[in-house]
Every structure is written in C-alpha cells, then in structure tokens.
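To start, the structure under review is shown below, and the notes come after it.
Every number here is computed from the coordinates shown, using simple stated rules; none is lab data. Here the structure is a predicted model, which is why all the values come from computation and not from measurement. No Cβ is skipped: glycine too gets one built from the backbone with ideal geometry, and neighbour counts run over all protein chains shown.
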Amino acid sequence: MGSGMTVVEPIVIKLAETRLNSDGVQQLADFYGAQGWLTRARRLQPNDSEFLIELAGRACYRSFGVGLNPNVTKVRDNPKDYINNVLEKGDGSILEHSTVTFAFLNVSRVFTHELVRHRAGTAMSQESLRYVRPSDINLWIPPEVESAGKEFAETVQEIKRRYHEIEGRFDWDKMPFEQKKRVTSALRRILPDGIATNIIWTANHRTIRWVIEMRTDPSAEVEIRKVFGKVAEICIRDYPLLYSDFTPAKLPDGTSQYTPKFSKV
Ligand SMILES: Cc1cc2nc3c(=O)[nH]c(=O)nc-3n(C[C@H](O)[C@H](O)[C@H](O)COP(=O)(O)OP(=O)(O)OC[C@H]3O[C@@H](n4cnc5c(N)ncnc54)[C@H](O)[C@@H]3O)c2cc1C
C-alpha cells in the first residue's frame, strides 16, 4: 500500500450501445412491404438506438405506412412525433429494445450498493474485492464533509495503516490463490464503504430514464446524483428524442436534477 490517500473523482464512460444489423432491417422491411418507410425513416432517423425502438413500436400495429393494416388510416411520419407519442402514452416497453453500457469508475461501495437496487432491465459486473486486493485506498470526498476534509483523510489513513499491518501478517507469496481470495475477502471488511471501485452497468432506455429521475432527485445521495447527472448529459446528447422531455435544474451543490415530463413510462 502506498503512503497517501488519493482523492479521486467518479468517472462515467459510455462503452457501448445498440447497433442495427442493416441486412436484417432490410429483410424485415421486405417482409412487411415497408421498403418506402425504411428509406424515408432512415434518412430522418440515423440514430440506431432510437430507430430500433421506433421500428419495434411500428411492428406492433404495422404502422409503417397507410395501407399495411386496414385499421390504420394515418401514421406519424416524423420520428420525433412518434417517440414523443410513445412517451406521452407511457408505452415504455418498446424502450427496452435498446441499451447503453457504461463504466462507472472510482465510485464507492456506497454508490454501487444503491445502483444495484435497480433490478429491472439492468446487467452489472462489479470489481470483486474478494479477488482484487486493494493496493491503495482511493476515495472521493463528498462536499458535505469538505470542511472536515483533514480529519476525514486522517481517518482513512489510519484504516489504511491498520489494514496494511494486518495484511503484513500473512505470507502472501506462499498462499495458494484460493486462500489469498479468502483472506482478501476477510480483510475487506475493515475497508471503508467509500473506497473507490469500478462497475460496468448496462441498462435499457426505459430503465435509464427511471434511474436518472430517481437518482438525480435532491433526496438521493450526492455521489449517485453526480454520476447520473453525467449519464443524463450523455443520454440527452446521444438520444435526443428519447430524452427530449427531461429538464435540468441546478442544485446548490452544483449537481443537476433531471425531471422528465413523462415519469416512469
Ligand atoms: C432517495 C432514495 C432513498 C432511498 N432510501 C432507501 C432506504 O432507506 N432503504 C432501502 O431499502 N431502499 C432505499 N432506496 C431504494 C429504493 O427503495 C429502491 O429499491 C430503488 O430505488 C430501486 O427502485 P425501484 O424499486 O423502482 O426498482 P427498479 O429495479 O429500478 O425497477 C423499476 C420499476 O420496475 C417495477 N419492478 C421492479 N421490480 C419489480 C418487482 N419485483 N415486482 C414488481 N414490480 C417491479 C417497479 O415499478 C419499479 O419501480 C432509496 C432510493 C432513493 C432514490
């Protein structure tokens, strides 16, 4: 373990998102007789994630154009109107077709414990502190305790010193991996909840909308508000139709609350 406590900032990285298979989309358009729609729609909507959601929704009523379903006498041609109507009606299930994968780095166990409470529509892979023996204790200091920052840092230093002391009582080089894992896991019990760790999180857009709403609310913990404020910025930038109804409002601590017009679609 190094000697100092490193103060770190939570990092949000967008790793992946839904991509269309254009051959498959063409096959589907041929199947429905929706070739005209495909050419027009692709021009209006180059965003794969939003396009897939629209496509899945239109497949429900064959609403790719007038004439494909005798019950349909008019259709919304514009993707913006189409998605807005989906949000307004609360037909959120089609938003589950497209996902985004994020890496949340330098986040605390406080954060990850709150994140994993969101079960619906998520996948996560969290750094194992049973396998990974921390060589340092990195930490983000919340603004609420900045005035006691010195004492905060000293406390972490002390935990680190004691951790190192106990860690030093084991002959790690002679231990089989299985035993190292068990001892590492036992030792982590004295590490602070605030220790910086990493998690990969995939969620569909229905879920992301919900988690942004819940976790940028002023009553949520500051770290998760900070992270989901960044998630909101990314989503509003990259999926402008799906997040068009979100309005940011600055909070006194510098984070923003993102409130949707259509809650929990
Ligand atoms: C400010 C704040 C304070 C909190 N304080 C506490 C606390 O003190 N203690 C505590 O334990 N938790 C607390 N939580 C966590 C909270 O109770 C939820 O567990 C968490 O926000 C996950 O949200 P969700 O239940 O909507 O689940 P998600 O998994 O995000 O699900 C989304 C929606 O899907 C539906 N759904 C999901 N799973 C089911 C299911 N099994 N059955 C039926 N419908 C389902 C529900 O409509 C749900 O709202 C807090 C959360 C916030 C934002």
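Structure data summary
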quantity: Positions within segment 114-145 being within 16 Å of the ligand (Cβ to nearest atom) and without any contact (Cβ under 8 Å) to a residue 60 or more places away in the chain, in sequence order; calculated: V116, R117, R119
quantity: Subset tally (residues that are in a loop (DSSP other than H, G, I, E, B), in contact with a helix residue (DSSP H, G or I) (Cβ under 7 Å, 6 or more places away or on another chain), aliphatic (A, V, I, L, M) and within 20 Å of P79 (Cβ to Cβ)) for segment 1-43; calculated: 1
quantity: Whichever residue in segment 52-95 is part of a loop (DSSP other than H, G, I, E, B) and among the charged types (D, E, K, R) and, among such residues, is surrounded by the fewest Cβ atoms within 10 Å (Cβ to Cβ); calculated: K74
quantity: Pairs where the first residue, in segment 248-265, is under 14 Å from S219 (Cβ atoms) and the second is exposed (fewer than 15 other Cβ atoms within 10 Å of the Cβ) and among the hydrophobic types (A, V, I, L, M, F, W, C), C-beta under 6 Å, 6+ apart; calculated: Q257/A249
quantity: All positions within segment 203-259 that are more than 24 Å from E144 (Cα to Cα) and over 17 Å from the mean Cα position of the chain (by Cα); calculated: L241, S244, D245, T247
quantity: Test result for I141, among the hydrophobic types (A, V, I, L, M, F, W, C), in a loop (DSSP other than H, G, I, E, B) and surrounded by 12 or more Cβ atoms within 10 Å (Cβ to Cβ); calculated: yes
quantity: Residues located in segment 165-195, provided they are more than 20 Å from N106 (Cα to Cα), surrounded by 10 or more Cβ atoms within 10 Å (Cβ to Cβ) and either in contact (Cβ under 8 Å) with a residue 60 or more places away in the chain or among the aromatic types (F, W, Y) (or both); calculated: E167, F170, W172
quantity: Matching residues, segment 163-220, being within 16 Å of the ligand (Cβ to nearest atom), hydrophobic (A, V, I, L, M, F, W, C) and in a loop (DSSP other than H, G, I, E, B); calculated: A220
